[in-house]
1. Among the residues of region 278-307, which ones are assigned to a loop (DSSP other than H, G, I, E, B) and either in contact with a helix residue (DSSP H, G or I) (Cβ under 6 Å, 6 or more places away or on another chain) or of a type in the set (F, W, Y) (or both)?
2. For the list (1) part of a helix (DSSP H, G or I); (2) modelled with pLDDT of 95 or more; (3) assigned by TED's automatic domain parsing to the domain that holds A118, I need the number of the one condition that A220 fails.
3. What pairs come up if the first residue lies in region 9-35 and is assigned by TED's automatic domain parsing to the domain that holds V132, the second is part of a strand (DSSP E or B) and acidic (D, E), and their beta carbons are under 6 Å apart, counting only those six or more places apart or on different chains?
4. If we scan region 592-600, do we find a residue that is touching a Ser or Thr at 6+ places or on another chain (Cβ under 7 Å), buried (at least 20 other Cβ atoms within 10 Å of the Cβ) and not aromatic (F, W, Y)?
5. I'd like the full set of residues that are in contact (Cβ under 8 Å) with a residue 40 or more places away in the chain and polar (S, T, N, Q), limited to region 622-671.
6. Residue check: is Q230 outside any loop (DSSP other than H, G, I, E, B), touching a residue at least 24 places away in the same chain (Cβ under 8 Å) and surrounded by fewer than 15 Cβ atoms within 10 Å (Cβ to Cβ)?
7. For A633, only one of the following conditions fails: (1) surrounded by fewer than 24 Cβ atoms within 10 Å (Cβ to Cβ); (2) closer than 26 Å to L381 by Cα; (3) modelled with pLDDT of 95 or more. What is its number?
Amino acid sequence: MKLIERDDEFRLLDRLYTGCVGGRGAVVLAGGPAGSGKTALLHAFADRVARRGGRFFAVTASGSERMDPFGLIDHLLNTIGGRDGDARARADESGDLGRAILSGRQTPIDVLQGVHAAVAERWTDRPLVIGVDDVHFADEPSLQCLRYITRRIESSAIMIVFNECSSYERRLATLHAETLNLPYAHRIRLGRLSDDAVAAHVEQRLGPDAARHVAAACAAAGGGNPLLTQSLVDDHQAACAPAALVPGESYRNAVLRCLYRSDPSALAVARAVAVLGDPVVPGLVADHLGADATTVRRGLADLTAAGVLADLRFRHEEARQAVLGDVPPDDLRAMHGRAAGLLHETGAGAVRVARRLVAADDVGGAPWQIEILREAAGEALALGDAAEAVGYLRHASGLCADPALQARITAALADAAWHLDPATASRHLPGLADAIRAGTLTGREAMIPVNHLLWRGDYPQARDLLSLVESREDDHPGLPPNLPISSDLSLTRLWLHFCFPGLAGLPDGASPDGAGVPTVWGGPTAALTFLSQMTGRDGEDGTFRATEQILRSTRADGPLALTLVALMSLIHTDQVDEAVWWADRLLAEPWIRNVPLRRALFATLRASAALRRGDAAEAAEHARAALTAISPAAWGVVVGVPLAVAVRAATDLGDAGAVGSYLNLQVPEAMFDTPFSLPYLAAFGRHQLVMGRPQAALENFRACGVMLTDWGLDAAGLIDWRNDAAEALLALGRAEEARVLAEEQIALSAGVPSRPRGVALRLLAATGGLKERVTLLEEAVDALRASGDRRELGRAEADLRTARSALDEHGRARMGPLWTPALSDAASSGPDGPEAELTAAEQRVAALAADGWTNRQIAAKLYITVSTVEQHLTKIYRKLKVRGRPDLASVFTEPPPPRERVN
């Protein structure tokens, strides 16, 4: 590594060496935290000395050799080749060396003098520089010899450089005392690199482009420590230049090197900080280690100076994981157990305590641990970490011996797992159902399996369990405050009515708010009541007064059902742009984005909003995301909604392969007893219409209408089935029937501009004369422009342009009913005319072709493929004995009076 931001240090060393050449000795104590570049500085200075003709000898002390008397000085003497270089042997000759060293006595003077002579007299022809790296690990006899030499080099061509780790300064107090007061002694303190210096190093290694992306991250994670910075760059290179810095093995190893080269107290403190987690205070670390606060504060200061910690936190989570991974497993579990107890005593958050409990893996914990784990699971789920919540509840289940409490924990576990994968969570349902029947699961937790059963479509069991819960609630009105669940029961009952409006035996009840709102819970109007109550819908003007308030108050710890219905209401009332804005904002929330089920639900609504405003590509993308977040099998009976959006979007895009893959997915049979089947059937019908099967499409649309009518949901406008059926009828040439349905839809809109009204006006225009058509299409364009549906607006505008063009060119109705081919008087005078020769489908294609429509426009208008249009035209030319489109205009002229066509 090329040294950066060390110019001042090199200038001092060069100046001292110049004096050494002139016969003036010098001593330098270079200190700094582990990894600050002391060794690199010493090696770089050695190269400078060699280039200037001097001699440089270096030795490195080792912590494992501290108990080897004279080990370091003998190594030095052997390195420089001095006479009588065995200091240990000379000390033995002077007396009992072992006893002298252990008693703390000074090294014999003759030994000190011999060592000095061996160093000072061996090389006299050139300046001599001695480097002692990691001097803080030197054995005491060697330090005595080094101090003796240091005090006697002032008039010698000798320079000594000691490298020491700042966390060991206390161990070198004697060396400092005897050395730093010397006039030729100098101190160098190596600090952390500045951000600019880190950026310069990154640019040297990776180039300017990479430096712009990762230099700041290197400075943040490495804290300016040269060793850590170097390791981060190594990891970045090994990762083949990812877009962001990803610390890896080199960084983890460098962190551990810094810790092991620091004072042992720093390593112990680092482990305690890693186990306790953020944030920590020195007192808590001291309690965990059983150490005094002074030692802990020194350790924290050393770790901060080394760039490992910042503000009592690890600079990067990877550093913390490296420290934890270095602790033996048994020791680590014990440390986590102690940390959990300390954190609980000091009132730390439930999640922070629970993480340590799970890591400790202690199955014989105190009673408070279960409640902490349950509380932490709720917090984790609210924050968007369902997997962590599952882990806490599983651990709590292993600690619990009480059947009732165990049932409540299992219910919470099923709920947390449901947010990850409803299909997997259903494994808990049999045991929870047994607990409800046995009376060990009551209260709010009992609603969890009931709601999950409804999601799966298991209506009979859900109904029976709900009746059990309700009966017990009525039998025990004086239960503790956390058990009454009247609001939960009412909401579940409403949900039951909404999901299964056509099935008998639904339990009746009262209004959930207890305000005496006149509602009928036992009949088909329950679904309407559900929507009204959930959104605060005003029955007089149909506006959703509480929608914005609900969306603004959405919180991680609040119910999401209100938010979901509020978004649906925005889409339903053509406030599509607002729905898109809110859906995008909520999908960006981590507590929604990180939970698969929540992400799937909001992605579905986002797809619905995109489809409602005519953006099929965007709708397809979000529908695909919804069906990917959780598997189609995990959606239960609700799967009809995301599948419907996906099919509609793919149909509008002309992606037949995608449509087929979606329609081939298996859906639960119970779905067809719920309103969730309606959008699915409507989407399937739309696909059939586009594929040229209008009769099959009509049957699906009418099936939707029948179910909506039978369930009392027709007024809710959940599915725009009348317009869909009218399009199918027009494709079949049954204009009068289409007119009836379009007029019904217009009447339902009560004059309020909306998407359904705009579509109905466009379809009604297709059944009338040209002048009426222009007027209706103008009104349709206005309604659709207000609704925000760009696709339907485009279709209405295209129809309007065609109608106006025809009116301008001929001043009279040329086309007649849009879906009825206009024939000349001769052609339509009898059964032998061209009309009798053409099928209904061919007549529709011929009429549009005669009016100048392109094949692609005809295909889009009639919901058939371009290939089908081409096939029809081939047959039309042959039957009418014409050569092409220009000849069709002479055959198809103004139509006869409208009459119903029989197919």
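The values are calculated or read from the model by the stated rules, or taken from the named source; none is laboratory data. Given the structure is predicted, the values throughout are model-derived calculations rather than measurements. As a convention, Cβ positions derive from the backbone with ideal geometry for all residues, glycine included, and neighbour counts pool all protein chains shown.
1. Taking region 278-307 and keeping what is assigned to a loop (DSSP other than H, G, I, E, B), we get 278-281, 290-292, 306-307.
Matches in region 278-307: V280, A306, G307.
2. Unmet for A220, out of (1) part of a helix (DSSP H, G or I); (2) modelled with pLDDT of 95 or more; (3) assigned by TED's automatic domain parsing to the domain that holds A118: (3).
3. That search, which allows pairs on different chains as well, returns G31/E164.
4. No, there is no match, as no residue in region 592-600 is touching a Ser or Thr at 6+ places or on another chain (Cβ under 7 Å), buried (at least 20 other Cβ atoms within 10 Å of the Cβ) and not aromatic (F, W, Y).
5. Passing the criteria: only S631.
6. Against the criterion (outside any loop (DSSP other than H, G, I, E, B), touching a residue at least 24 places away in the same chain (Cβ under 8 Å) and surrounded by fewer than 15 Cβ atoms within 10 Å (Cβ to Cβ)), Q230 does not qualify.
7. (3)
Here's the yes/no breakdown for (1) modelled with pLDDT of 95 or more; (2) within 27 Å of G37 (Cα to Cα); (3) surrounded by 13 or more Cβ atoms within 10 Å (Cβ to Cβ); (4) small (G, A, S):
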| residue | (1), (2), (3), (4) |
| --- | --- |
| A239 | no, yes, yes, yes |
| A244 | no, yes, no, yes |
| V255 | yes, yes, yes, no |
| A268 | yes, yes, yes, yes |
| V275 | yes, no, yes, no |
| V280 | no, no, yes, no |
